[in-house]
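The values are calculated or read from the model by the stated rules, or taken from the named source; none is laboratory data. What you are looking at is a predicted structure, and each value in this text was computed from that prediction instead of being measured. Quick reminder, even Gly has a Cβ in these numbers, built from the backbone with ideal geometry, and neighbours come from all protein chains shown. We work out accessible area using only protein heavy atoms, side chains counted, and drop any ligands, DNA or RNA first. Shrake-Rupley method; radii C 1.70, N 1.55, O 1.52, S 1.80 Å.
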Amino acid sequence: MQTVVVGLDLGHSAVKMTFDGKKGVERALFPSYACDAWNIDGDDHQAALAAENTVTVNGRDYFVGEIAERQGKSKLSTGLTDEWVLSNEHAALMVMARKIVDERAISGKRLWVLGLPVSLFSGYRRPLKDIAQLHFGDDSEIRIVPQPIGVYQAQMLNRAGVPGRGRDVTSESWGIVDVGYYTTDFILMERGHWIDAASGVCGGVQIAVETLQGLLLDRHNIKRDLISSERILRSGFVRHMGNDISLADEIKYAKSVFAAHVADMASKLMKDYVEELDGVLIAGGGAEMVIDPLRERWPHARVITDSHDDNQLSGPRFSISEGYYRLGRFTTLLHLQGKTDKAA
């Protein structure tokens, strides 16, 4: 029976999944929101959506995804703390991910590959694995890796879990910049080896969101929370008292503040290595915000290529879950090789 591999990227903004589905390698995406659930009366459609997107964690019911964002706005936490990965809300996202896999995946033992930001990896790896085991089941195999490793594996391996055409781990060196909401993670892989001195972390898209939040208040006397401000950052306007107000200048400035922050940290960490690298790969939901200033400094910086059958479920924000999936496929090949060696 085939092992079902699930690459699960539990980001602060959205949950991205790449897994073995009934239609081949499939993907799923839902917002990383969870809040206490309650009975919704008066609207059958919303009640049905709520029931479909409610999960139970430690005996407590939670709305997850869009229904949590829509119905529980005042009850949502932003999750912008290190301890978020140990919370019931984070576990609720795991349970929803398992629900999706239960509905759409092929049959077989499951291998779940998850990640943590570089700064949290050593301290939270063991507890996260224990929590994942609890919610994914004792019969599942769990692997926790540093988050940017997903980007590296997406570059080096194909979906079968073997080196892609033209890829050679022993001769290629890559810088990785993973631009997430809460953190931006940096790693450097030199001929297959992690270079600790060139790896680190700084703030994520949250910096741009908070900058825009301040500009909204200072220039327009409009107060919005972080969740609304992130939506405004991506849409380009704010709806206020029935009117849509363009914020092109404010958004451009907010993104430039964040991009400069990332570019400065990248230069600090990788300056002694970058000229000898094959390239610097930019990934994550905020990749497009930082690629231009990075490319100005390093012409071989680029946003990692990602493709999928569904164009709406593709792009650099999926590169981590894709890399987790490919790493999981590689792991299953190692398991198979081990069984073959023992049989021989």
Are there any pairs, at least 6 apart or on different chains, whose C-beta atoms fall under 7 Å, with the first in region 160-182 and open to solvent by 60 Å² or more (accessible area, probe 1.4 Å) and the second in a loop (DSSP other than H, G, I, E, B), and if so, which?
-> Pro163/Val169; Thr170/Arg191; Thr170/Gly192; Ser171/Arg191
Qualifying residue in region 119-130 (condition: over 23 Å from Ala154 (Cβ atoms), among the small types (Gly, Ala, Ser) and crowded, with 18+ Cβ neighbours inside 10 Å) | no
Name the one entry in Ser140, Ser107 that is surrounded by fewer than 21 Cβ atoms within 10 Å (Cβ to Cβ), more than 24 Å from Thr184 (Cα to Cα) and modelled with pLDDT under 95.
-> Ser107
Does Glu141 qualify as being of a type in the set (Asp, Glu) and within 18 Å of the chain's Cα centre (by Cα)?
-> no
Find the residue count for region 194-214, including only residues that are open to solvent by less than 20 Å² (accessible area, probe 1.4 Å) and of a type in the set (A, V, I, L, M, F, W, C).
-> 6
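One line per residue, one yes/no per condition, for (1) without any contact (Cβ under 8 Å) to a residue 24 or more places away in the chain; (2) of a type in the set (A, V, I, L, M); (3) over 26 Å from Glu69 (Cβ atoms):
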| site | (1), (2), (3) |
| --- | --- |
| Asp185 | no, no, no |
| Glu190 | no, no, yes |
| Asp196 | yes, no, yes |
| Val205 | no, yes, no |
| Glu210 | yes, no, no |
| Gly214 | yes, no, no |
| Leu217 | yes, yes, no |
| Arg231 | yes, no, no |
| Arg234 | yes, no, no |
Search result, residues across region 49-70 that are open to solvent by 60 Å² or more (accessible area, probe 1.4 Å) and not in a loop (DSSP other than H, G, I, E, B) | Ala51, Glu52, Thr56, Arg60, Asp61, Glu66, Arg70
Assuming Pro146 fulfils every condition listed in (1) under 17 Å from His12 (Cβ atoms); (2) in contact with a strand residue (DSSP E or B) (Cβ under 6 Å, 6 or more places away or on another chain); (3) surrounded by 21 or more Cβ atoms within 10 Å (Cβ to Cβ) apart from one, which condition is it?
-> (2)
Quickly run through region 1-48 and pick out the residues that are open to solvent by 30 Å² or more (accessible area, probe 1.4 Å), touching a strand residue (DSSP E or B) at 6+ places or on another chain (Cβ under 9 Å) and assigned to a strand (DSSP E or B).
-> Val25, Leu29, Asp36
Some residue of region 246-267 being in contact with a helix residue (DSSP H, G or I) (Cβ under 7 Å, 6 or more places away or on another chain) and over 23 Å from Glu230 (Cα atoms) = yes
Here are Asp82, Asp102: which of them is surrounded by fewer than 20 Cβ atoms within 10 Å (Cβ to Cβ) and at pLDDT below 95?
-> Asp82
Filtering strands (runs of 3 or more DSSP E) wholly in region 188-279 for at least 1 residues that are touching a Ser or Thr at 6+ places or on another chain (Cβ under 8 Å) gives 200-203, 237-240
All positions within region 281-314 that are assigned to a strand (DSSP E or B) and under 19 Å from the mean Cα position of the chain (by Cα) | Leu281, Ile282, Ala283, Arg302, Val303
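Yes or no, residue by residue, for (1) in contact with a strand residue (DSSP E or B) (Cβ under 6 Å, 6 or more places away or on another chain); (2) within 22 Å of Leu334 (Cα to Cα); (3) not hydrophobic (A, V, I, L, M, F, W, C):
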| position | (1), (2), (3) |
| --- | --- |
| Gly115 | yes, yes, yes |
| Arg126 | no, no, yes |
| Thr183 | yes, no, yes |
| His193 | no, yes, yes |
Looking only at region 238-273, which residues are surrounded by 13 or more Cβ atoms within 10 Å (Cβ to Cβ), among the hydroxyl-bearing types (Ser, Thr, Tyr) and either touching a His at 6+ places or on another chain (Cβ under 8 Å) or farther than 15 Å from Arg295 by Cα (or both)?
-> Tyr253, Tyr273
For Asp278, indicate whether it is farther than 11 Å from Val177 by Cα, under 19 Å from the mean Cα position of the chain (by Cα) and open to solvent by 10 Å² or more (accessible area, probe 1.4 Å).
-> no
Could you grab the pairs with beta carbons closer than 9 Å, sequence gap of 6+ or different chains, first residue in region 57-72 and β-branched (Val, Ile, Thr), second one surrounded by 14 or more Cβ atoms within 10 Å (Cβ to Cβ) and modelled with pLDDT under 90?
-> Ile67/Ile40; Ile67/Gln46; Ile67/Leu49; Ile67/Ala50
